[in-house]
Structures are given as structure tokens and as C-alpha cells.
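Student: Structure in C-alpha cells, see below.
The values are calculated or read from the model by the stated rules, or taken from the named source; none is laboratory data. Worth saying up front: this structure is predicted, and the values here are computed from it rather than measured. Ideal geometry is used to build each Cβ from the backbone, glycine not excepted, and the neighbour counts take in all protein chains shown. Each accessible area value is taken on the protein alone, full model and side chains, heavy atoms only, with ligands, DNA and RNA left out. Shrake-Rupley method; radii C 1.70, N 1.55, O 1.52, S 1.80 Å.
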Amino acid sequence: MISRSADEPGDVAPACRDSVARLLGDLRAGRREALDELFPLVYQELRELAHRQRSAWQGNDTLDTTALVHEAYLKLVDQRGATWETEAHFLAAAAKAIRHILINYARDRRAKKRGGGWQQVSLSGQGIDGASASPDPAWEDRVLALEEALQRLAGLSERQCRIVECRFFGGMTVEQTALALGLSTATVTRGWAMARAWLRRALGDTGSLARQE
Amino acid sequence: MIGLHWDRLEVLLEQADEIPAAERAAFVERETAGDQDLRAELSTLLDASPGAAEYISRLRRELLGSGVEGMLHEVPRADELPDPWIGRMVSHYEISERIGGGGMGVIYRARDIRLGRTVALKFIAPEIRRDPEAQRRFLHEARAASALDHPNICTIHEVAETDDGRPYIVMAAYDGETLRERLRRGPMPEREALDFGEQIAGALAAAHQRGIVHRDVKPDNVFVTRDGVVKLLDFGLARTADSRMSGPDAVEGTVAYMSPEQATGQRADQRSDIWALGVILYEMLAGVRPFAADDPRVVIELILTRDPDLRLTRPDLAPGITDLVHRMLAKRPARRSAHAQEVLEALERCRLPAAPTALRLGGRRARALRAGAPGFALVILATVLALRTRATPERAPGRTGTGSVSHVLWVDDDSSNNATVIHQLRSRGVQVTTSLNTADALRQYDPAVHQLVISDMGRYEGANNEYVGRAGFELLEQLRARHDEVQLVFCTSTRAVAMNREEALASGALGVVDDCEEIVRLVGF
């Protein structure tokens, strides 16, 4: 369980928290569709969090999506009634949101580069194509290749794709993933192992494919 | 090979992982005997497996590890995400853009490819969808409302479901804005407020007469077209969704117009709609809501306890208006105006008395006049006409009309609006020359022949057939520049009358009417 931080949850609109609580309740009751409705709320919160706290994060390379998601969780979910399950469901929605954010950003960057007008400068004055934003010039291509592979995987095994979403984008543990998806931890472990191998093969990571045992 | 073998692949991969590398080839051979596809799949996955964990975590670090701040800064807002419905076909409707959304559902503009017309598609909110009973009621009531045929009720073409069972409503698409948007733009002239109130009351009267209660009358559900025609939206939604809606705007909107009986969970009936219209009238006239607070619970408290006094913010209003609004906001339904028709008639009575040379003759008023008392304004116009035409030195020969006007130049781009009236005038011996646009009217007008010009306000003009909202004014101005004595009456929509009346009279028009038939009485008096 994520512990409550020293900071207060902040000024999230009560209606938004109510909606989140209701949708989490629906998820607990087995209405999977609620995840799709929860996702935009979490997405928006993640975005606003980043916006509000950007100065505090400047130059901090250790900030990652996991920290961001946990922050959003504390803000959007009333901790008093929260259970492990609630948290897992929330994280699954956040994982979906992170995936979307990543893809949108990557598509946007690729479009701008192709458009030839790649002069974007972030508000902090740093080029967003700078080292802190992306160590690899082809970052967006890699994100989009991953997304393409994931969509293919979803066609083969929706379950494995969901597992990847939780583990990869949401930084969720095996236990959290199992809770969120209603699977056993053994199934998650097995699915995750195969999905990793499958993705590696799909993404053509041939560099170390030769058996080296 | 995929579907069936996928689970098996998972298991085999896991087992192979626990077998010493030297024995794996034999294991694969044995387990996939006779299935070449499965064998190829398993072998390549086994090849990729060692180091896959490391590869994936490295990938994760590189793609997600840093730069999140910049990334989130650049991505679109949740409501700007590409909408999966855009470009899709739903039945024979091609969805082109999102034109509205919020608590009750999302609205898209779409093209009906069968009939070649533009429509609005409304998908209902998930809150309603999750409750099968609510969904059933919603469909039932939406279908009932679709039977309502009234100029102030949004036309519903069809209520249907997508292949995967999502209900949607196909409605007429209008150009304009909601009353909520109109209110945000600033204070509303009294005349416009009363006009909108009348139109809403008319819509409610028609619905109530058929036993249909709206239950969620609020500015977001009142659409005002560019011509000032009110269209009441969303019949049948309220009962099914009560106040549980997503998003702060939605909550705020619903509570503020809720009647005391609805706020206390009692049954809503037509008097609840009248309450809501009372709140809207108050808001349009005062510029603020009668029951306003940040916290919806406080709003409900105010609804139950506070007696708003419109006179405090608008001491200039006629007592008839403030009394009417207060009566609509009576806490006990029994003390409220019981019928929308009553409200409609009261609003008609509340209209400002006409200024000496002004005319404001609505259709309903006109009917009342025909039925009984002679109209004050009507008499004035007739008198003015008589006086002015008497002053005209030359009369056209052969006039047989009983009034002072024997020949009219009528300028309107759509003569179907007034074909009947023109016929009636002609049958009374008044000559009518018609003209479709300003340029033509200027050519045709002859002060020695036409005693009166009747013109619409906005019309399509020129080679490009562009809509010119002030075409009537332009005509008057140009006529006036050439013939100082020209006498012109604007005959235009109720909304245009309300908006343009002062300016029209200031610019020297003889009058402004919103009922073509009234012209018969004016001219053929």
C-alpha cells in the first residue's frame, strides 16, 4: 500500500474524487468497463501534477512515472477507505494513462520532426529534444515500435498485453497486477515472462539473441 | 496456431526455463511433436527469453525513466485526446466532429448519408448506460419526446442502438449556442429574456399537454439558434439520471435548477419544470442565479429555504414580471403556476407596452387581437401610416385598398414565408411587388408608386448567396439616402424583432413586426 505522504492531497475537485471513488467501486464489483472511464480522469490528473510541480522536478533525473502515478493516487483517492485492491485498480488505470501519454507524445514529436519545424523549446528554456528529455534521438520511434508490437500482442493475447501495461507502464508489482486484473500471481508471472520474450523478439533485439549461456 | 496454443506456450516456456540448457532441445522436440508452428514459436521465444527481463527493464528505463515532466507538458489534455468516434460510421451516420459533451452524454455532428443531411448524434452518458432499467426508461422517454412536434422542441429523428448496444439519439443539428453560453456572454436585454422565456414555456406547454415532463430544464438544455429560435433539448434524460453525473459542471448545473420537491427526493411533475423555468427567467433577468453557492449542498439548502426577490436586483422590472417569476418559484408546487400555458400567457401579458411609433406584434398576440380587443400598437401604426401617406403628394392611381396603402414593395429572399399574406393583400386590392434582394429592391422602388416597403431583416444576398444579417438595415439606409420619405416596416423573426427593435426605430423604420399576417391588417385596414 502506498503510504500517505506528508503533503496534503491538494485541491482536487470533490466531484472528480467522487467519480474516481465510484468508478473504483464499479471495478471492485467487476465492471471492467469502468477502467476506460477512470483512465481520462487519471490522465488529466497526471498532466496537471506535472504542470504544477514542474519546477520542483527540474534537473531531477530520478523522477519517473511511478512517482508521478503514486502522487496522483494520493490526490485522487480517499485513503481512508482504500484497500490493496482499490490501489491496484487505480494503478491499472494510471498505467493505461501513461501508455497513452507516451504514445501521444511520441506521435507528436515524430510529426513535428517530419514536418521539418523541429524548433520546439520547452517552457524551461531547454530544448525538449535535449539529453534530459531523451537520451536517444530515435526515442519516439522506439516508443511507437513498442506500441505497435503491443497492439499485435493484444491481438494474440489480450491478457498478456494487459499484464505488460500494468508492469511496464504502471510500474506495478506482480501482486498488484494480479489484483487489478483478477488473475493469480502465477498466471501473471508466467504471462509476463512470455510477454517479455515475445516483445524482445518482436522488437528485433537481435544484438544479444545468440545464446550466451 | 495462436489462440489455442497461447496458454500452452506460456506453460512450456516456463517449464523449459527450469530445464538445464543442454536438455532443452529434446524438451522442445518432445513437447511440440507434430506441430511445426508451435515448435518454431517456442524455439524463437526460448532464444529470446534469457536476457529478456534485462532488455525490458532497460527499455523501460529509457522510454519512461526521465523526461516525464517535459512529456506531460506537451501531451494533449484528456479532452483533447483524439476521439475514437470521429470518422466512424454508426449505422448510416458518418461522424465528423464532436460538438458537445458533458454530464448527460456526448454529442457529435454527423452526416446522414442516406438522406444527405447533417444531424447531431448523442450518445448517452455511462451513468445511464450502467443501469439497464434506467437505460430502458431513457429510450422509452426519448421515443415519447420524439413524437413531440413543436417549433421550440429539438426534433428527434431517431432513437437507436449501435451494434454493440450503445443507445444514441439522432437529432436535428442547429446552428447557434446553448442558453448557458449565451448567459456567459453577459447580461441579456429584458425583451430577449422574456422572448426566450415565452419560447421555453411554449415548448413545455406542448410537452405537458402530452403528459411528458422534462425534469431537467436548465440553460444547458436550451439551445438558441442563430435566428433566435429556442430549441429545448434532452427530454426524458432527467428522470433516469438524477443528479449523479460526472464532472463539476454537470453537478453544478443540475442542482441549481432543481425544484424543492426534486431536491428532497420527491416525484417531479410538470410544476418542477415550471420551477426550473422560473430559475432560468430569474437568471436571465437578474444576471445571477436565485440560488447560488459553491457547494451544491448549500445550493439545495437555499432552494429549500430562500425566497429570492427579483425586485432587489431589478427594481425597474414591471411588477407583472417579478410577480410571475416569484409565483413560479413558490416552494410548494401547489402554490406555483400549474400550467406552462398559464406562464406563457402571463409572459405575453408582461411584454413591454409598445412605444408610440413602435410595433411588437407577436403571432400569439396577433391571434388574441383578432379574437378580441383592438391592438393599441396596431391602431397607432395604422394612424401613422394614414398620416404619412396623406402627406405624400402623389398617390398611385387605382388603389382599392380600404387603408391608405395601395401598393407595397415586399423584399424577402424567401417568398414562401409570406405567399399567403401576399395573396390576401392582393385579394383586397393592394398591389404587391416582390423583390428578393437589396439591389433589386433599390432598382424597383418608386416613391410615386409604393407607399410602403416591407422588408425582412437578414437575408441571403449577392452572387455568392451569403447571409447578410443586416440586409434590412442596409436597404433602409440606401432607400433613405435617395428618398427621404420612404416608409418601411421590418417583418422578421421574433428574435430579430427583439434584438433590432430600438435600432430599427431609431433608423426611421415605421415599425417592426414578427408576424407577416399582421401586415394584412395594417395595410388593408
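Student: Could you order B:MET258, A:MET172, B:MET499 by accessible surface area, starting with the largest, using a probe radius of 1.4 Å? Intermediate results must be reported in sequence, preceding the final value.
Tutor: Details: B:MET258 30, A:MET172 5, B:MET499 100 Å².
The residues order as B:MET499, B:MET258, A:MET172, largest area first.
Student: Now, a different point. Plugging the Kirkwood radius over Cα pairs into Stokes-Einstein for the range B:142-230, at a temperature of 37 °C and a viscosity of 0.692 mPa s, what D comes out in µm²/s? Intermediate values should be presented prior to the final figure.
Tutor: Details: Rh = 14.2 Å.
Taking Rh from Cα pairs, D becomes 230 µm²/s.
Student: Still on this structure, please answer the following. So, taking all protein chains as they sit and a 1.4 Å probe, how much accessible area belongs to B:VAL408, in Å² rounded to tens?
Tutor: It works out to around 0 Å².
Student: Am I reading the B/A interface right? What is its buried accessible area, both sides, 1.4 Å probe, to the nearest 100 Å²? Show your work: numbers first, answer last.
Tutor: Working: alone 26560 and 12130 Å², together 33390 Å².
Roughly 5300 Å².
Student: Here's something else I'd like to know. Averaged over A:100-109, how many beta carbons belonging to a partner chain fall within 10 Å of each residue's beta carbon? Don't skip to the answer; put the middle values down first.
Tutor: Details: counts 5, 8, 5, 1, 7, 9, 3, 2, 4, 2.
What the average comes to for A:100-109 is 5.
Student: Once label points are set 7 Å from the Cα along Cα→Cβ at both B:ASP440 and B:LEU312, what is their separation, rounded to one decimal in nm?
Tutor: 5.7
Student: Next question, about the same structure. Quick one: if the Förster radius is 41 Å, what FRET efficiency do B:SER507 and B:ARG210 give, using the C-beta to C-beta distance and rounding to 0.05?
Tutor: The pair B:SER507/B:ARG210 has a calculated efficiency of 0.40.
Student: Additional query: Determine the gain in length on full extension of the stretch B:ASN465-B:GLU158; use 0.36 nm per residue of separation and subtract their C-alpha separation, reporting nm with one decimal.
Tutor: Working: separation 307, 0.36 × 307 = 110.52 nm, distance 3.20 nm.
The B:ASN465-B:GLU158 span can extend by a further 107.3 nm.
Student: Also: Can you give the FRET efficiency for B:ARG114 and B:GLU29, using 1/(1 + (r/R0)^6), R0 = 56 Å, r = Cβ-Cβ distance, to the nearest 0.05? Could the numbers behind the result be given before it?
Tutor: Numbers: r = 60 Å, r/R0 = 1.08.
According to the calculation, E is roughly 0.40.
Student: Taking H placed 1.01 Å from N in the peptide plane, check which residues at least 5 places from B:TRP410 or on another chain put their amide H under 5 Å from its amide H.
Tutor: Amide H neighbours of B:TRP410: B:THR433, B:THR434, B:SER435, B:ILE454.
Student: Here is a further query. Give me the accessible area of B:LYS218, 1.4 Å probe, in Å² rounded to the nearest 10.
Tutor: 10
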